[in-house]
Amino acid sequence: TGEGVYTTVVQLQNNGGADNNFRFFTSDGDWASGRNYPWYQDAGYTIDASFENAMDGDSNFAFVGTTGTYFLTIDDNNLVITLE
């Protein structure tokens, strides 16, 4: 939506298991471009409370909020990941 600000509408589910886990990729089809929860945490991002470290061996994001449709923003300028 602007320089360094990425937004999307996303359907997230909380089934209490690995189905909640995901990561972000910066290049389509490039597995090496994956960014997991610690990547953003170590870079100083404030991460929405609906996400936690999945502690799943890959340290993916775990969605722990209420199942539903959300507006997701990754703001690389202000180092914030939010859900609305």
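Kindly check whether there is at least one residue in segment 39-60 that is part of a loop (DSSP other than H, G, I, E, B), of a type in the set (Asp, Glu), at pLDDT below 95 and within 20 Å of residue 2 (Cα to Cα). No. Here residue 73 qualifies as under 11 Å from the mean Cα position of the chain (by Cα), of a type in the set (Ser, Thr, Tyr) and either assigned to a strand (DSSP E or B) or modelled with pLDDT under 95 (or both). What pairs come out if I take residues in segment 41-67 that are more than 15 Å from residue 19 (Cα to Cα) and open to solvent by 60 Å² or more (accessible area, probe 1.4 Å) and pair them with residues that are charged (D, E, K, R) and outside any strand (DSSP E or B) whose C-beta lies under 6 Å away, six or more apart or interchain? Once the first residue is more than 15 Å from residue 19 (Cα to Cα) and open to solvent by 60 Å² or more (accessible area, probe 1.4 Å) and sits in segment 41-67, no partner that is charged (D, E, K, R) and outside any strand (DSSP E or B) comes close enough.
Does segment 18-29 contain at least one residue that is assigned to a strand (DSSP E or B), among the charged types (D, E, K, R) and surrounded by 14 or more Cβ atoms within 10 Å (Cβ to Cβ)? Among the residues of segment 18-29, not one is assigned to a strand (DSSP E or B), among the charged types (D, E, K, R) and surrounded by 14 or more Cβ atoms within 10 Å (Cβ to Cβ), which makes the answer no. Taking the residues in segment 1-17 that are open to solvent by less than 60 Å² (accessible area, probe 1.4 Å) and without any contact (Cβ under 8 Å) to a residue 12 or more places away in the chain as candidates, determine which candidate is nearest to residue 83 (Cα to Cα). Filtering segment 1-17 for residues that are open to solvent by less than 60 Å² (accessible area, probe 1.4 Å) and without any contact (Cβ under 8 Å) to a residue 12 or more places away in the chain, the one nearest to residue 83 (Cα to Cα) comes out as 2.
The values are calculated or read from the model by the stated rules, or taken from the named source; none is laboratory data. These figures come from a predicted structure and were not determined experimentally. We place every Cβ from the backbone using ideal geometry, glycine too, and count neighbours over all the protein chains shown. Note: areas computed on protein heavy atoms with side chains; ligands, DNA, RNA excluded. Shrake-Rupley method; radii C 1.70, N 1.55, O 1.52, S 1.80 Å.
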